[in-house]
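Right, one structure below, let's go through it.
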Amino acid sequence: MSEPEKYKSFDDIKCIWMQCDAVEYKICDRNFDCDNCYFDRYMLSKTVVKKDVYTEIERMFELGQHTVSFTHPTYHFRGGLIARNFLHDNYYLGIEPYIAKFIDTHSIIKNCNSKENISKGEPVLNISNGWGELNVLSPFSFKFVDKLDTNNIFSNDLHWFAMIEADRREILGNSINDNNYFDKLFKSKLFLINLIENSSEIESFLSPSKQAGITMYDGGEVLENWSVILGKKVYKSLLEHLFY
């Protein structure tokens, strides 16, 4: 065993399928070379998802290094939020674009904190619908400058919901780099696949009798409402995972 491997923590050697809770225990023994891993191939082949749904999942997660900025003025955070600097210590605050794709189009999104000064860990946004509700927590401390109209959040490319003022140290100290970003992206994708594979509700929803005339690409129910595909409880679990 080499010296660097000797001191790796348990979390550093968990297989990605274990990290997303698809299996109870599996240690990576291939240095995360998933493309050449027999276990990874087995898990992917074991996953049974209707073709249209799986294709849509791939499309929603197809974000490459060249399309995502990790340098000033754009910053990403673990809590599912994104900030963009526009003047001195002022930033736009919004929802990560790939996460916004999974929010049902008829969900109600509203600012849920009346305070002007927000501390790290306090709720800033509430998302609700028939599946329940979820509070999105701030990953850093800041001051509200202006709260934008959340009714238009789905029509904005980067889904901004506020203009804020924040200390640059708060932004830099809590933002994540590209490795952490794409690691979370990949784990979220596996988490979703695992949810679908183990959801009893999706089987009935995707049955031929209920699926007739509805596809991913004709504006049908599948494309717009993931809570219907997954079931309310499972869908809420997905949002909680995306916004952790």
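A quick yes/no check of all residues on (1) in the same structural domain as ASP12 (by TED's automatic domain parsing); (2) surrounded by 15 or more Cβ atoms within 10 Å (Cβ to Cβ); (3) at pLDDT below 90; (4) touching a Gly at 6+ places or on another chain (Cβ under 6 Å):
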| position | (1), (2), (3), (4) |
| --- | --- |
| ASP146 | no, no, no, no |
| LYS187 | no, yes, yes, no |
| ILE214 | no, yes, yes, yes |
| ASP218 | no, no, yes, no |
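What residue, among those in region 158-185 that are free of Cβ contacts under 8 Å to residues at least 40 places away in the same chain and either under 17 Å from the mean Cα position of the chain (by Cα) or within 25 Å of ARG59 (Cα to Cα) (or both), is surrounded by the fewest Cβ atoms within 10 Å (Cβ to Cβ)?
My answer is ASN179.
Looking only at residues that are touching a strand residue (DSSP E or B) at 6+ places or on another chain (Cβ under 7 Å) and part of a strand (DSSP E or B) in region 79-90, which one is nearest to PRO123 (Cα to Cα)? Explain how you work it out, then say what you get.
Step one: list which residues in region 79-90 are touching a strand residue (DSSP E or B) at 6+ places or on another chain (Cβ under 7 Å), which gives 79-86, 89-90.
Imposing the further condition that a residue be part of a strand (DSSP E or B) reduces the set to 81-86, 90.
Details: LEU81: 12, ILE82: 15, ALA83: 16, ARG84: 20, ASN85: 21, PHE86: 23, ASN90: 20 Å.
Across region 79-90, the extreme among qualifying residues is LEU81.
Within region 100-112, which residues are part of a loop (DSSP other than H, G, I, E, B), in contact with a strand residue (DSSP E or B) (Cβ under 7 Å, 6 or more places away or on another chain) and touching a residue at least 24 places away in the same chain (Cβ under 8 Å)? Walk me through how you get there before you give the answer.
Step one: of region 100-112, the residues part of a loop (DSSP other than H, G, I, E, B) are 101-107, 112.
Of the ones still in play, those that are also in contact with a strand residue (DSSP E or B) (Cβ under 7 Å, 6 or more places away or on another chain) are 103-104, 106-107, 112.
ILE103, ASP104, HIS106 - these are the residues of region 100-112 that are part of a loop (DSSP other than H, G, I, E, B), in contact with a strand residue (DSSP E or B) (Cβ under 7 Å, 6 or more places away or on another chain) and touching a residue at least 24 places away in the same chain (Cβ under 8 Å).
Filter region 109-125 down to the residues that are under 16 Å from ILE82 (Cα atoms) and surrounded by fewer than 14 Cβ atoms within 10 Å (Cβ to Cβ) and list them by number.
Once the filter is applied, which keeps residues that are under 16 Å from ILE82 (Cα atoms) and surrounded by fewer than 14 Cβ atoms within 10 Å (Cβ to Cβ), region 109-125 yields only GLY121.
Could you go through region 56-78 and let me know if any residue there is in contact with an Asp or Glu (Cβ under 9 Å, 6 or more places away or on another chain), farther than 29 Å from ASN126 by Cα, at pLDDT below 85 and not in a helix (DSSP H, G or I). Give the derivation first.
Step one: filter region 56-78 for residues in contact with an Asp or Glu (Cβ under 9 Å, 6 or more places away or on another chain), giving 65, 68, 70, 76-77.
Imposing the further condition that a residue be farther than 29 Å from ASN126 by Cα reduces the set to 65.
Subset that is at pLDDT below 85: 65.
With not in a helix (DSSP H, G or I) added as a condition, the list becomes none.
Within region 56-78, not a single residue is in contact with an Asp or Glu (Cβ under 9 Å, 6 or more places away or on another chain), farther than 29 Å from ASN126 by Cα, at pLDDT below 85 and not in a helix (DSSP H, G or I).
Would you be able to say whether some residue in region 117-130 is part of a strand (DSSP E or B) and free of Cβ contacts under 8 Å to residues at least 12 places away in the same chain? Reasoning before the result, please.
Going residue by residue through region 117-130, those that are part of a strand (DSSP E or B) are 117-118, 123-129.
When the remaining residues are screened for being free of Cβ contacts under 8 Å to residues at least 12 places away in the same chain, the result is none.
Scanning region 117-130 turns up no residue that is part of a strand (DSSP E or B) and free of Cβ contacts under 8 Å to residues at least 12 places away in the same chain.
The values are calculated or read from the model by the stated rules, or taken from the named source; none is laboratory data. Treat the numbers as computed from the prediction; the structure is a model and nothing was measured. Here Cβ is always computed from backbone atoms with ideal geometry, including for glycine, and neighbour counts include all displayed protein chains.
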